Amino acid sequence: MSEKETDVLIVGGGPTGMTLALELAVQGIPFRIIDKEPQRSDKSRALGIQPRTLELLNRHGDIQKFIARGNLSGGTTFYLNGKKAADIDISGLAKDTQFPLILIISQVETEKYLDERLAKYGFAVERGIEAKSIVQDSEGVTAIISNQDGVEETVRAKYVVGADGAHSIVRKAATGLSFQGAAYPQDFILCDASIRNAKIPWDRFSLCMGRGSLAVFPLKDGTCRVVVSRVQESNADVEPTLDVFQDMLNRLHPDAGELYNPTWITQFHLHHRGVNSYRDRRLFVAGDAAHIHSPAGAQGMNTGIQDSVNLGWKLAKVIRGERPDSLLDSYDRERRPIGQNLLETSDKMFTWGCSTNPFFVTFRNLIFTWVLPWYVSSENRRINIYKFISELGISYKDSSAVGMAPGHPGPIVGGDRVPDRKVQSAGSEKYFLELLAPDTYHLVLLSGVGDNATEDMLLEAQAKFKDSNPDKARVHMVFSEKANAANLPGYTDVGNRLHEDFGCSRPSYVYIRPDSYVEHIGPLSELKGLSKWLENCHSKS
């Protein structure tokens, strides 16, 4: 049996695996991506695409066409025993993003978009190919893969990434990786169907509680998803029918309308589990192979996609010999706390909304009417909820792979997400993140504002940085509106909002990773400190 070589073997061709493939493709890293299923599922499955995920996918283009296939949601309406209890409106809460709303869209469309983007790079998922065994050694990983006819092939890879779900063969092949957790006791049923005579806003999804609980997610073209948590005394062995969903709607959400023409009805149980490490030497896990949890907050698929965005550029840097192997350890240090926090938070949300304990349900429903409207009446509290749900609040500031120079006042520090504001050049406007291509690092030089602003220092700093640029970072100059940027090779910060977001009233620099997070930030006078930082990052010790 012949042996074929590649740099990275991705096991699993869902959204997590395909996103990693996109990140490696844009970096020019050889890889293969396999999936044991001969064709994609036609079921809607995961629905929510969060604002931060939209920002990151937009790095690969055509995101507006993708958004047009779905339904943008501006918030959530809560109901108790059929009556409206509270509404969380998220529109207008985010000022520093091009994508402030949650996209409700079938996973079928998400995978179609990812397939299209991968094809633009000249790659595709190898379908009907299953990993049979995976063995790593100090030099690489040997995988035996098989097609549906049983024909086997040996693949030798430098690294293997498991994006192959809860029963991941990659995780099982690793040494010392546990996947601890348990199943939730509740029985769930799900229905995708058309709906008529609805009296609910189509830009909201509904969470309804009472005796039992349900959620309604409006989709495209007059269709919706209804998810029901059945009460304990219901017969979990009975196959659900459309009438069961309609009865629950009539009781808990009578304004929702009448269901008809179902395209998918199923029942399922949920689990909550997390792996104790995302890396075992040359093996990595991402997405459901690393963390599974309740769908509360609609973040599972998004977290897997962002796992891959974090890992992809790091693999590329190490494979090319541009950064030491220790950079790959930061994948676990940065992403596992995110996964753990998600597990804990979604578990609390799930327990609150779907408990079957009659005493707890009575208590919950009693205080629900009074506490929730008060809680969401505060814009600051709504913003905190939004930052978590949207994933715009994710930060790696505790990572050893990020830093900050002395004298930087914040609020944005190393490890934080890069805010997105409009910049202008030659009379046309664009969003700042559109400058940050995913194939490399970026050094942004900010002129400062008011009396602090200077153009000459930026031009001088740009010239000096060219002599010490080991990451081959692209340099962007962003001038305040006071500067005469029309005659300078850079962009104008519209309204000086970007300067304000970064906390850079003085001339400053921001060193940005390929995943659009800040690696290092500081006053321009400390640019030599960035050079020292990069020298340490690239050392082979």
Quick check: anything in region 463-480 more than 30 Å from Glu23 (Cβ to Cβ) and in a helix (DSSP H, G or I)? yes
From Asp515, Asp493, which residue is under 11 Å from Tyr441 (Cβ atoms) and of a type outside the set (Val, Ile, Thr)? Asp515
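Residue by residue through region 407-460, note down the ones that are among the hydrophobic types (A, V, I, L, M, F, W, C) and part of a strand (DSSP E or B). Explain how you work it out, then say what you get.
The initial filter retains those residues of region 407-460 that are among the hydrophobic types (A, V, I, L, M, F, W, C), namely 412-413, 418, 423, 426, 432-433, 435-437, 443-446, 449, 453, 457-459.
Matches in region 407-460: Val423, Leu443, Val444, Leu445, Leu446.
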Hey, Thr77 surrounded by 19 or more Cβ atoms within 10 Å (Cβ to Cβ) and within 17 Å of the chain's Cα centre (by Cα) or not: no
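Is there a residue in region 364-380 that is assigned to a helix (DSSP H, G or I) and of a type in the set (Asp, Glu)?
Within region 364-380, the subset assigned to a helix (DSSP H, G or I) is 364-376, 379-380.
Add one more test, that the residue is of a type in the set (Asp, Glu), and what stays is 379.
Yes, region 364-380 has at least one match.
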Check Lys4, Lys43 and return the single one that is open to solvent by 10 Å² or more (accessible area, probe 1.4 Å) and either over 25 Å from Pro262 (Cα atoms) or among the hydrophobic types (A, V, I, L, M, F, W, C) (or both). Lys4
Run down Arg40, Arg52 and say which single residue is of a type in the set (Lys, Arg), assigned to a loop (DSSP other than H, G, I, E, B) and under 23 Å from Lys120 (Cα atoms). Arg40
Tally the residues that are in a helix (DSSP H, G or I) and buried (at least 16 other Cβ atoms within 10 Å of the Cβ), restricting the search to region 313-332. 13
Does region 351-381 hold any residues that are in contact with a Leu (Cβ under 8 Å, 6 or more places away or on another chain) and either within 16 Å of Asp96 (Cβ to Cβ) or among the β-branched types (Val, Ile, Thr) (or both), and which are they? Thr369, Glu379
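Consider Asn302 carefully, then state whether it is assigned to a helix (DSSP H, G or I), among the polar types (S, T, N, Q) and either touching a Phe, Trp or Tyr at 6+ places or on another chain (Cβ under 7 Å) or open to solvent by 20 Å² or more (accessible area, probe 1.4 Å) (or both). If you could, list the steps in order and put the result at the bottom.
On the way: assigned to a helix (DSSP H, G or I): yes; among the polar types (S, T, N, Q): yes; either touching a Phe, Trp or Tyr at 6+ places or on another chain (Cβ under 7 Å) or open to solvent by 20 Å² or more (accessible area, probe 1.4 Å) (or both): no.
The answer is no for Asn302.
Which is at pLDDT 95 or above, open to solvent by 10 Å² or more (accessible area, probe 1.4 Å) and either farther than 16 Å from Val475 by Cβ or assigned to a strand (DSSP E or B) (or both), of Glu535, Glu500?
Values: Glu535 fails: at pLDDT 95 or above.
None of the other options fit; the residue is Glu500.
Scan Gly415, Gly427, Gly448 and give me the residue that is at positive phi, free of Cβ contacts under 8 Å to residues at least 60 places away in the same chain and not acidic (Asp, Glu).
Working: Gly415 fails: free of Cβ contacts under 8 Å to residues at least 60 places away in the same chain; Gly448 fails: free of Cβ contacts under 8 Å to residues at least 60 places away in the same chain.
Every option except Gly427 fails the conditions.
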Taking region 83-103 and keeping only residues that are open to solvent by 20 Å² or more (accessible area, probe 1.4 Å) and either on the phi > 0 side of the Ramachandran plot or among the aromatic types (Phe, Trp, Tyr) (or both), one is left with Gly92
How many of the residues in region 293-331 are within 16 Å of Tyr517 (Cβ to Cβ) and among the hydroxyl-bearing types (Ser, Thr, Tyr)? 4
Exception for Gln64 within (1) assigned to a helix (DSSP H, G or I); (2) of a type outside the set (Asp, Glu); (3) closer than 27 Å to Ile29 by Cβ falls at (3)
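Quick check, is Ser468 small (Gly, Ala, Ser) and surrounded by 15 or more Cβ atoms within 10 Å (Cβ to Cβ)?
Working: small (Gly, Ala, Ser): yes; surrounded by 15 or more Cβ atoms within 10 Å (Cβ to Cβ): no.
Criteria not met by Ser468.
The values are calculated or read from the model by the stated rules, or taken from the named source; none is laboratory data. Computed from a predicted structure; not experimentally measured. Quick reminder, even Gly has a Cβ in these numbers, built from the backbone with ideal geometry, and neighbours come from all protein chains shown. Accessible surface areas use protein heavy atoms only, side chains included; no ligands, DNA or RNA. Shrake-Rupley method; radii C 1.70, N 1.55, O 1.52, S 1.80 Å.
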